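Right, one structure below, let's go through it.
The values are calculated or read from the model by the stated rules, or taken from the named source; none is laboratory data. Treat the numbers as computed from the prediction; the structure is a model and nothing was measured. Cβ placement follows ideal geometry from the backbone for every residue including glycine, while neighbour counts extend to all protein chains displayed. Heavy atoms of the whole protein, side chains included, go into the accessibility calculation; ligands, DNA and RNA do not. Shrake-Rupley method; radii C 1.70, N 1.55, O 1.52, S 1.80 Å.
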Amino acid sequence: MNLDANSPTPNDSQHHITGTVESIVFRNDETGYTVCNVRPAKDGSWHSAVSDEVFTVVGVCAAIWEGEEMQADGEWVHHPSHGNQFQAKNIVCITPTSLEGIRRYLASGMIKGIGPKFAQRIVDKFGANTLEIIDKASARLCEVEGIGDGRRKLIKESWAEQRGIRDIMIFLQSHGIGTAKASRIYRQYGADAIAVVKRNPYRLCEEVWGIGFKTADGIALSVGIPPDSEIRARAGLIHTLRTAAEEDGHCYTMEPDLLLNAQEMLKTSKDIPLETIAVALNAEYSRGGLVKEDGRVYLRDIYNAEFRAAEKLKRLLSSPRSFEPINAEKAIAWAEGKIGFKLADRQRQALSNAIENKVSVITGGPGVGKTTIIRALTDIFQARKLKLGLAAPTGRAAKRMSESTGVEAQTLHRMLKFNPSCGKFVYCAENPMECDCFILDETSMIDIRLMEQFLQALPDSATLILVGDTDQLPSVGPGNVLHDLIDSGVIPFCKLDFIFRQDASGYIVRNAHHVNNGERFELPSGESDFYFIETAEPEKIIERTVELMTSRIPKKFRFDPLNDVQVLTPMRKNLLGTEYLNEVIQRTLNPSGPALSRGMTKFRQGDRVMQLRNNYDKGVFNGDIGIIKSVDEEEAKMVVLFDGCPVEYRKSELDELVLAYACSIHKSQGSEYPAVIVLIHTQHYKLLQRNLLYTAITRGKKLVMVIGSSKAVYIAVNSNQVRERRTSLGLRLKNGLDRGSPR
């Protein structure tokens, strides 16, 4: 590192240093916090004083790559474990000029198509002119052995992208935005990113995944948008409604509540007048972004989804079938002969409802015969040569339907076939699907937006059977579709409540129903499929969880820890949250091998991962679980297998994934695993509810182990105050579609 001739010694305070980034020890892409090793420049007095010794620099910077030349201002500090470090207050990185710096810069993975091997070849060929060749004469890259036109184009495009990202990152860093979010902003707006952010930062929280209102608002205030401006008030109103939809599942908010909640949320050093927010609200009504109906205020897309879903359901109910009526009594008797046993009265009623009505609902908990009903229905409809469509919200649930019926089932997204070129589903109101009968499983987890899109894609002549469990957690997204359909009184439904799966060791089903009834666990004295392990200390719970998943369960029950065993916990943060649990389990189960890093997470070949957002281009969706098949450190990319289908991720896309050895109970909805380990502790107090524990237990197919404190179990079992969701689908079905007058 180079100090000016008059600079103080390392024991003094302020310094200006220069050098080359040798390696990046740690980097948090969200905050820009970086720990790196830097080699001092060879032409300065600092170098002459301490030779070529590499030093550690710690600080925040917008963008940094190995091989770059660094300039930093700060002070030397002594770390008790790591020795002398340079604590930088300001860091500026510039393009390297030395051959070794250029080689390391290109080998760092920042440019797609260049890894260590090609970096060496390119520098050997072009020397000090390398970066100028890439920037202005990239056609010459084809002179390098192994580089064809395809790789050349990839390198050129990536080079241009990185230069754009750097400018944007430096701008956004000054407004408190980290590297990962800056990359997403660049991918959304390209070269226009800075102009968009300056003009209306609130677009970010609507159009860029992972950017919330708080971040956009911080940028807005820092670029000079007044805290009491109408544009900020309008953004605050939309954010308040989005928060109610995404966090609480509400489809609407009453207008007085909306105004007060928005005012409270928008408070800064001075209050924003309620009159300003009211003016902004009326402007949003006029613009059409928000809809008011009988005092209820909706986001436009949620209002449309509710209205159109009710409209379509009424049309389904009133339209003729595509096939001749089926004699339910004869069909049920035939189905009983085929499956080899007599159905219970309630099962026969459920079958009769489904056969005789255009739309019907079947509900019930585990072991009550829902799968038997679905299998009988598919047999009956197939015997009539009818075309069937079977679907579920998740891949695991669809696979389960396929296995139990022998008929191919799909996820809803794959059934509707998203077309990335136009950003819409292929099947819709204008292009409906062509099946006679549709059976939809795990309906409780489908939100109003997805349900409306599915309903629009049905022909009016279709028969629709909705199956689900109303006692599970509601959908992650807004709405309470299954409850609304039942509560409307318009849709025929049948609840199955007699437990059939009660073999000698079937304690999973028993205890699920015990929890649902507010009762204690029933624990066997010998071997079983259900165990409760009393452990009150969080550290002990983690230790037991790792031991069970990686050693005891595989040895005793012959389950594969990677594919068969899932850890479930109520929350993401804290010691018993998914983030820390995944880190600990990965260290034990998959500690080494090729990896790509994002922040503090390393994604290794063989890791189990979960997708965090719907990515229609890749064909993977929020909650999908896959296994990392391969990691290419040279090309900075990896391949993940989702249900056997390979999906490629670049390093810049890793923010869409998290490790999934442990996942939240909410994220496990719709999935079923051979074995689950459920963590429950008073640390999770705010989330301890009966339907949460019930949902967790019902995810286990062959083995459930609950680890935690009896006190936490008691709290969960006795907490049944499920928060009501503000929805109006049931009201629209019951009272008619023309209720109210939207503004």
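Across region 364-391, what is the total count of residues that are at pLDDT 95 or above and more than 18 Å from Ala331 (Cα to Cα)?
3
Hey, any hits in region 81-99 for a residue that's surrounded by 15 or more Cβ atoms within 10 Å (Cβ to Cβ), in contact with a helix residue (DSSP H, G or I) (Cβ under 8 Å, 6 or more places away or on another chain), closer than 30 Å to Asp655 by Cβ and at pLDDT below 85?
Checked region 81-99: at least one residue is surrounded by 15 or more Cβ atoms within 10 Å (Cβ to Cβ), in contact with a helix residue (DSSP H, G or I) (Cβ under 8 Å, 6 or more places away or on another chain), closer than 30 Å to Asp655 by Cβ and at pLDDT below 85.
Six or more apart or on different chains, Cβ atoms under 6 Å: show the pairs whose first residue is in region 30-50 and modelled with pLDDT under 75 and whose second is of a type in the set (Gly, Ala, Ser) and buried (at least 16 other Cβ atoms within 10 Å of the Cβ).
Final answer for the pair search is Glu30/Gly178; Glu30/Ala180; Thr31/Gly178.
Quick one: in region 499-532, which of the residues that are more than 16 Å from Ala716 (Cα to Cα) and of a type in the set (Val, Ile, Thr) is modelled with the lowest pLDDT?
Ile499
Determine whether Leu596 is more than 16 Å from Ser668 (Cα to Cα) and touching a Pro at 6+ places or on another chain (Cβ under 6 Å).
Considered against the rule, which asks whether it is more than 16 Å from Ser668 (Cα to Cα) and touching a Pro at 6+ places or on another chain (Cβ under 6 Å), Leu596 comes out as no.
Out of the residues in region 408-434 meeting the condition of being outside any helix (DSSP H, G or I) and open to solvent by less than 20 Å² (accessible area, probe 1.4 Å), tell me which one is nearest to Asp460 (Cα to Cα).
It comes out as Met433.
Only one of (1) open to solvent by 60 Å² or more (accessible area, probe 1.4 Å); (2) farther than 21 Å from Asp655 by Cα; (3) out of contact with any helix residue (DSSP H, G or I) (no Cβ under 6 Å at 6 or more places or on another chain) is not met by Val77, so which one is it?
(1)
Checking the conditions here, which among Lys686, Lys711 is open to solvent by 60 Å² or more (accessible area, probe 1.4 Å), under 24 Å from the mean Cα position of the chain (by Cα) and not aliphatic (A, V, I, L, M)?
Lys686
Being surrounded by fewer than 19 Cβ atoms within 10 Å (Cβ to Cβ), closer than 29 Å to Cys422 by Cβ, among the aliphatic types (A, V, I, L, M) and touching a helix residue (DSSP H, G or I) at 6+ places or on another chain (Cβ under 8 Å), is that true of even one residue in region 600-620?
Yes: region 600-620 contains one or more residues that are surrounded by fewer than 19 Cβ atoms within 10 Å (Cβ to Cβ), closer than 29 Å to Cys422 by Cβ, among the aliphatic types (A, V, I, L, M) and touching a helix residue (DSSP H, G or I) at 6+ places or on another chain (Cβ under 8 Å).
With open to solvent by less than 50 Å² (accessible area, probe 1.4 Å), of a type in the set (A, V, I, L, M, F, W, C), farther than 27 Å from Leu455 by Cα and in a helix (DSSP H, G or I) as the only criterion, which of Ala310, Ala278 stands out?
Ala278
In region 347-386, which residues are hydroxyl-bearing (Ser, Thr, Tyr) and surrounded by fewer than 21 Cβ atoms within 10 Å (Cβ to Cβ)?
Result: Ser352, Thr371, Thr372.
Could you grab me the full set of residues in region 613-636 that are within 13 Å of Val647 (Cβ to Cβ) and either of a type in the set (A, V, I, L, M) or without any contact (Cβ under 8 Å) to a residue 12 or more places away in the chain (or both)?
Once the filter is applied, which keeps residues that are within 13 Å of Val647 (Cβ to Cβ) and either of a type in the set (A, V, I, L, M) or without any contact (Cβ under 8 Å) to a residue 12 or more places away in the chain (or both), region 613-636 yields Val620, Ile625, Ile627, Ile628.
Of the residues Val223, Val291, which is open to solvent by 10 Å² or more (accessible area, probe 1.4 Å), at negative phi and among the β-branched types (Val, Ile, Thr)?
Val223
Does Gly115 count as of a type outside the set (A, V, I, L, M), open to solvent by less than 30 Å² (accessible area, probe 1.4 Å) and closer than 28 Å to Ser183 by Cα?
Answer is yes for this residue.
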